[in-house]
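Notes follow once the structure below has been shown.
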Amino acid sequence: MLKEKIKKYISEKESQSTTEGVVLFREEIEFAEQNQLAGESHLVEKDANTRFADAYIERCDKETENMLKNETSAFLSEPLDYFKKHKNEFIYFESKWFDFVNVDAISLEVDDVFGTYDVMLGLKFQKKYDKQLKEYLNVHLSGEETKFDLMFSNEDGLWNLNFALNYVKGFREEMTVGEAFQLIYHFLFKLVEAVEPAQ
């Protein structure tokens with residue numbers, strides 16, 4: 001699926017492209033090159049900080065789940081510890097880029113008990129991939145506490161995945177919100193890349 005999505009994206013952008021080539025980010029370019037998906041297309045790497053410039057962002061109240069404010073991409077430059085100072089809030093985040101990683105939206109908040117940055121999402125994979133998903137998460141999340149919670153929802157036909165961002169390689173408490181979402185995206189991209197060959 002990832003192969004098809006990236007190949008389709010490249011061919012669509014190539015047909016609309018002028019002289020600059022097809023603009024993508026590092027994860028997609030590396031994947032396209034490894035899998036020879038670019039064909040004759042010239043791939044141009046875009047600054048990772050711009051990936052979520054047009055994301056849909058809501059700051060919400062944890063208790064009521066009501067939206068407090070619809071944020072612009074300027075919120076991405078806030079320090080991540082904003083959520084430690086506002087423990088009653090979570091962020092709801094949508095981006096077209098999540099289509100590559102089989103996710104519609106992501107929520108991020110600070111856990112009231114452990115103080116970890118918790119990432120919550122629905123992952124579109126069939127139920128039969130439970131072994132591969134669990135193996136990947138066990139290997140790539142390094143922490144003392146419970147690292148993740150993964151449960152299949154027959155109702156939605158997707159995996160409800162919660163994990164602590166603190167246990168993802170590359171995590172730093174001093175990150176911005178934008179850098180945190182780049183790290184989440186990178187982690188999910190590598191997860192999808194690892195699980196998909198099993199399909």
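Things worth noting here:
- The number of residues in region 137-159 that are assigned to a strand (DSSP E or B) and either loosely packed, with under 12 Cβ neighbours inside 10 Å or of a type in the set (S, T, N, Q) (or both) comes to 2.
- Residue match in region 88-95 (condition: within 28 Å of Asp118 (Cβ to Cβ), aromatic (Phe, Trp, Tyr), without any contact (Cβ under 8 Å) to a residue 60 or more places away in the chain and assigned by TED's automatic domain parsing to the domain that holds Phe187): yes
- Residue count for region 1-48, restricted to those that are on the phi > 0 side of the Ramachandran plot and in contact with a strand residue (DSSP E or B) (Cβ under 7 Å, 6 or more places away or on another chain): 1.
- Cβ-Cβ under 7 Å pairs, at least 6 apart or on other chains, region 54-81 side touching a residue at least 60 places away in the same chain (Cβ under 8 Å) and of a type outside the set (Ser, Thr, Tyr), far side in a strand (DSSP E or B) and surrounded by 14 or more Cβ atoms within 10 Å (Cβ to Cβ): Ala55/Phe93; Ala55/Glu94; Phe75/Ile57; Leu76/Thr176; Glu78/Thr176; Pro79/Thr176; Leu80/Tyr117; Leu80/Thr176
- When region 1-30 is limited to residues that are in a helix (DSSP H, G or I) and among the hydroxyl-bearing types (Ser, Thr, Tyr), the one that is nearest to Tyr185 (Cα to Cα) turns out to be Tyr9.
- When region 160-192 is filtered for residues that are in contact with an Asp or Glu (Cβ under 7 Å, 6 or more places away or on another chain) and surrounded by fewer than 20 Cβ atoms within 10 Å (Cβ to Cβ), the ones remaining, listed by number, are Asn162, Glu173, Thr176, His186.
- Contact map, region 159-179: residues that are on the phi < 0 side of the Ramachandran plot paired with residues that are among the acidic types (Asp, Glu) and in a loop (DSSP other than H, G, I, E, B), Cβ distance under 6 Å, separation 6+ or inter-chain. Pairs shown: Val177/Glu78.
- Every condition in (1) in a strand (DSSP E or B); (2) under 11 Å from the mean Cα position of the chain (by Cα) holds for Asp99 except the one numbered (1).
- Residue check: Glu14 meets all listed conditions (1) exposed (fewer than 15 other Cβ atoms within 10 Å of the Cβ); (2) touching a Ser or Thr at 6+ places or on another chain (Cβ under 6 Å); (3) modelled with pLDDT under 95 but one, namely (1).
- Restricting the first member to region 113-139 and to residues that are hydrophobic (A, V, I, L, M, F, W, C), and the second to residues that are in a helix (DSSP H, G or I) and surrounded by 13 or more Cβ atoms within 10 Å (Cβ to Cβ), the beta-carbon pairs closer than 7 Å and six or more apart or on different chains are Val119/Leu165; Val119/Ile184; Phe125/Leu133; Phe125/Val195; Leu133/Val195.
The values are calculated or read from the model by the stated rules, or taken from the named source; none is laboratory data. Bear in mind that the values here come from a model prediction, so they are computed numbers and not experimental data. Note that each Cβ is placed from the backbone with ideal geometry, even for glycine, and that neighbours are counted across all protein chains shown.
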